[in-house]
Structures are given as C-alpha cells and as structure tokens.
1. Given the condition small (Gly, Ala, Ser), farther than 28 Å from Arg27 by Cβ and open to solvent by less than 40 Å² (accessible area, probe 1.4 Å), answer yes or no: does some residue in the range 159-178 qualify?
2. Can you pull out the residues in the range 229-252 that are touching a Gly at 6+ places or on another chain (Cβ under 9 Å) and β-branched (Val, Ile, Thr)?
3. Mind telling me which of the residues Thr427, Thr431 ends up being assigned to a loop (DSSP other than H, G, I, E, B) and either within 15 Å of Pro25 (Cβ to Cβ) or acidic (Asp, Glu) (or both)?
4. Answer with yes or no whether Leu472 is hydrophobic (A, V, I, L, M, F, W, C), open to solvent by 30 Å² or more (accessible area, probe 1.4 Å), touching a residue at least 24 places away in the same chain (Cβ under 8 Å) and over 23 Å from Trp160 (Cβ atoms).
5. Search the range 368-423 for residues being among the polar types (S, T, N, Q) and more than 14 Å from Leu351 (Cα to Cα), and hand back the single one that is least open to solvent (accessible area, probe 1.4 Å).
6. For the range 322-343, which residues satisfy the criterion of being within 23 Å of Glu305 (Cα to Cα) and assigned to a loop (DSSP other than H, G, I, E, B)?
7. So which residues in the range 254-293 are among the hydroxyl-bearing types (Ser, Thr, Tyr) and touching a His at 6+ places or on another chain (Cβ under 9 Å)?
8. Tell me, yes or no, whether the range 262-274 has at least one residue that is of a type in the set (Val, Ile, Thr), under 17 Å from Ala300 (Cα atoms) and part of a helix (DSSP H, G or I).
Amino acid sequence: MSLTTRRAAALVAVGAVLLAASYPPFRFPVLSFVAIAPAIVLLRDCEREGDARGALRWGFWYGFASQGAVLYWLVVALWHFTPLSALGYLATITIFGLWHGLLFWFVLRVRQRLPAVPFWLVFPVAWTAVEWGVGHQGDIRFPWLGLGTSLGDAPVLVQWADVAGARGVTLWLAWCNVMVVEALYGEHTVLKDSLALAGSGAFRLRRAVAVLATILGAWGYGEWRERTIPLRDVGVVGLIQPNEGFREKWDPGHADSVVTKLVLMSRDLQARGRVGLLLWPEAAIPGYLFEQPRWSAAIAVLARETATPIVSGGLHAEFRPGGSYDYFNAAFFFDSLGRWKPYPVYAKHYLVPIVERVPFVPPRWLRLKWFGGFGIGRGLPLYASPLGRLGVMICYESAFEDLARRYRRASADFLVNITNDAWYGRTAGPTQHATHLVMRAIETRAGIARAANDGISEFVDPLGHTYAETGLEEAAVVSDHLGTSDVIPLYVRLGD
C-alpha cells in the first residue's frame with residue numbers, strides 16, 4: 001500500500017469517525033465545524049494531483065464509510081423485517097457512496113475548468129446540492145441527518161433556520177469546514193500568482209476570523225430570536241408510550257390486550273390531571289379498525305368519557321371496485337365525542353424504502369414476504385382540536401422539511417409526530433431520529449409533540465428546545481403544556 005493510498009484511507013476513516021460523532025447520541029457541537037474536514041483535505045489531495053478518477057473513487061469510499069458509521073443501526077432495524085438486512089444496509093450506504101463520488105468528481109472538474117471559482121464556494125454548494133438530492137431521489141429518498149441537523153444539540157446557533165432551513169445551515173457548516181481547513185493548511189489553488197497569498201499567515205488568520213465572525217453572527221441572531229419570538233400555550237397534551245414488543249404487538253392473540261393497555265394508560269394519565277389531547281404512537285392500534293369494531297368502540301368510549309380527542313396510529317385500507325384494495329400506515333383522529341369516521345384519515349406520505357414499500361414498483365404487482373407494499377398517502381388533513389389545528393407526521397416523515405412547512409402554510413397551530421422506534425433497539429437510531437424535530441420546530445416556529453412506542457416521547461417548543469423526554473424501552477405516560485407561536489417564518493413561505 002503506497003503512502004498516498006494510506007493517507008487517503010486514513011482520511012476516510014477519520015472522516016467517518018468525525019461525522020458519526022457530530023450526530024446524536026453524541027453532544028459535541030464543535031465537531032460540526034470540522035466533521036467533513038477530512039473529506040475536504042482528501043479532495044484537495046485529489047485536486048493537487050489532477051486525478052478525477054481518484055476523486056470519484058475516494059469520494060465513493062468516503063461516502064460509503066462515513067454513512068456506514070452514521071447508519072450502522074440499519075442492520076439492527078431492518079433485521080426485524082427481513083433476514084436480508086445486511087443487504088439493505090449495504091445498498092443504502094452504497095447509494096450514499098455514489099453521491100459522494102459524484103460530489104468529489106464534480107468539484108474537481110469545476111476547479112479544473114474554472115480555476116478562478118474558489119473552493120470555498122463550489123464545495124459547500126455541491127455538498128448541499130447532494131444533501132438535497134438524497135432527499136429527492138424518488139422512492140429511495142432518505143434525507144436522514146443532513147449536516148445542518150448535526151447542530152440540533154445547539155439550537156441557539158440554528159435559529160436562523162427559520163430563514164434558510166436546515167439545508168441553509170448545511171451550506172454554512174460546509175463553508176466553515178472549508179475555512180477551517182484553509183486556516184490550518186492554506187488554500188490549494190491552481191492560480192500560480194496567488195500561491196504566496198494562499199499560504200501566508202495573514203490569509204490563514206482571515207479564514208479563522210471569518211469562521212468566528214459567522215458563529216458570533218449565528219449566536220447573536222439566535223439570542224435575539226429566543227428573546228423576541230412570542231410563544232403561547234395551546235394547552236396540555238398527553239403522550240402514551242406503551243413499550244410494546246415489536247413481534248408481540250402483531251401477535252393476533254395479544255392484540256386485544258394492546259388496545260386495552262393503551263386505554264388503561266390513558267385513563268391513568270387523565271386521572272393525574274386534565275389533558276386536552278391524547279397522542280398514541282404510530283401503529284398503536286395493531287390492525288384495521290373496520291375489522292375490529294370493539295377496538296373502535298373502546299377508544300370512542302375513552303374519548304367521550306374524558307372529553308378528550310385522541311390521535312392514534314393504525315392501519316387503514318381503501319377498497320377499489322373488484323375487491324382489491326390499498327393499505328396504508330395511517331393516523332386516525334377521534335374527536336371528544338368518540339367519532340373518527342367524519343374525519344379524513346391521514347395516510348403516511350413518505351414510506352421507508354423496502355420496509356414499507358418496494359421502490360418504483362406498484363405494491364399490487366408484488367406480494368413478497370420480506371418487502372412492504374403500503375400505499376402512498378396523498379391528502380394533508382388538519383384536525384381541529386380544542387387546543388388548535390394540528391398536522392400529523394408519522395415516523396421518519398419528521399426528516400422531511402416540506403411536510404411540516406405545508407402544514408404550517410395551511411394554518412396548523414402545532415404539529416404531532418407519532419412513531420414506533422422499537423425496531424432501532426438501543427442504538428443511535430432513536431436519538432438521531434428525534435433530533436430532526438429540533439429543526440422542524442425552528443423552521444416552522446411551531447410546537448411539536450412526539451409520542452413513540454418505546455421512546456423517545458417528548459415535546460419541542462418553537463425555539464427547538466426539547467423537554468419532558470422519556471427514556472427508551474420503558475412504558476411511560478407524560479403530559480405537559482405545549483407551546484407554539486403564531487409566527488410564520490420566511491422559510492415556511494419560500495422553502496429551500
């Protein structure tokens with residue numbers, strides 16, 4: 001192995017460690033500013049050698065290794081659905097590898113053809129474009145943990161996501177990473193007359209000062225917004241976390257006890273104090289309501305006797321002429337009179353590839369044991385509760401910025417996220433999943449309540465601060481006041 005290859009492999013390895021450590025469950029905000037520095041150094045090495053093929057190759061391995069480290073939990077999660085979990089994991093990180101290979105190649109080619117275009121401009125733009133592309137690649141879109149979301153543990157620095165969104169923060173952090181590398185090593189340039197300037201102490205100092213200035217600017221904006229955004233209390237929301245085992249939950253012999261447990265936990269929470277809205281997790285109802293009228297009746301009695309609306313996850317079917325049907329991962333709204341049929345059922349829009357839907361293939365074409373066939377939801381209903389109008393996001397829909405924006409544009413007062421993270425186990429998956437809501441709350445300036453089957457259930461205020469979090473793999477009930485705001489940010493209006 002040559003020295004060049006050893007150096008490249010070392011940069012890939014260090015880059016994978018830094019990127020993984022910048023995300024939950026780790027809480028090191030400073031790492032966000034150097035998390036992709038090894039990728040930048042690696043790409044600069046390829047540019048120095050003029051090696052476009054090397055850039056493509058090492059970009060692939062960087063994306064493959066770094067996302068492999070971040071998404072290691074996929075093997076555990078997918079195992080619940082298919083023994084082919086390792087293949088699903090490898091396919092996912094291979095796609096990320098291809099995107100990053102293209103990123104490296106593109107940046108190098110732009111720099112070769114347009115040497116006057118600075119690295120600090122082309123690289124952040126290309127990195128952000130790839131992040132956008134990953135979230136818009138049809139049925140295999142997977143916008144998990146963009147670079148901007150890595151600052152979810154420092155909400156004061158990302159308050160300006162109400163203007164530019166999480167991808168605006170990504171653009172800034174990518175730029176900061178370039179500036180840090182150039183402050184340490186100088187600028188690599190193909191313009192001969194600027195070589196002296198690129199390596200001078202004054203040049204490097206300016207790079208460091210620029211990064212510090214933008215951090216102070218982000219902090220100043222964040223402090224100002226946290227002091228000036230008017231918050232209001234919509235009321236008390238109750239979160240039910242039943243902690244049902246993944247396989248036990250779908251055992252037909254255990255199904256009645258699942259619903260009974262949810263009702264009893266809800267009554268116990270109501271006995272502690274008045275709750276204005278109850279949230280049950282994703283797929284809390286272990287079957288179709290139309291097939292189990294006694295479940296619907298039990299939930300209706302609970303809602304009616306406590307005068308409390310309930311949002312619950314479950315399965316829903318829409319029948320077509322001829323007897324065929326589409327089935328959906330859905331959310332139901334029971335009003336305070338116990339009625340759900342007068343209201344549209346929310347069907348999940350963004351489905352987990354393979355697990356919930358085979359990419360690019362109509363579900364009715366395939367009926368395979370280890371592959372999902374859920375239909376794609378179309379409507380975007382708002383439910384009017386005594387606390388205000390609410391919109392529902394199911395599971396990893398919290399990673400998609402456009403759904404929260406559309407709800408807010410449609411005059412949602414607050415948002416709810418129902419999920420079942422039991423399939424993650426005790427990996428980084430649950431904490432990574434929950435951190436997306438920090439960005440959604442700031443982008444929309446809406447309060448969010450999250451009910452998870454086995455944790456993390458929590459509340460997020462419009463400033464991105466979380467509270468009343470539950471632990472993992474435990475049954476729990478929690479209630480608290482949910483705050484929201486009437487501010488409709490620029491990002492809600494304009495998006496990316």
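1. No; the residues of the range 159-178 include none that is small (Gly, Ala, Ser), farther than 28 Å from Arg27 by Cβ and open to solvent by less than 40 Å² (accessible area, probe 1.4 Å).
2. The answer is Val234, Val236, Val237.
3. Every option except Thr427 fails the conditions.
4. Against the criterion (hydrophobic (A, V, I, L, M, F, W, C), open to solvent by 30 Å² or more (accessible area, probe 1.4 Å), touching a residue at least 24 places away in the same chain (Cβ under 8 Å) and over 23 Å from Trp160 (Cβ atoms)), Leu472 qualifies.
5. Asn417
6. Asp335, Ser336, Leu337, Gly338, Arg339, Trp340, Lys341, Pro342, Tyr343
7. The one that is among the hydroxyl-bearing types (Ser, Thr, Tyr) and touching a His at 6+ places or on another chain (Cβ under 9 Å): Tyr288.
8. Looking for residues that are of a type in the set (Val, Ile, Thr), under 17 Å from Ala300 (Cα atoms) and part of a helix (DSSP H, G or I), one finds at least one in the range 262-274, hence yes.
The values are calculated or read from the model by the stated rules, or taken from the named source; none is laboratory data. All values derive from a computational prediction rather than experimental measurement. Note that each Cβ is placed from the backbone with ideal geometry, even for glycine, and that neighbours are counted across all protein chains shown. Surface areas here come from the heavy atoms of the whole protein model, side chains and all, with no ligands, DNA or RNA. Shrake-Rupley method; radii C 1.70, N 1.55, O 1.52, S 1.80 Å.
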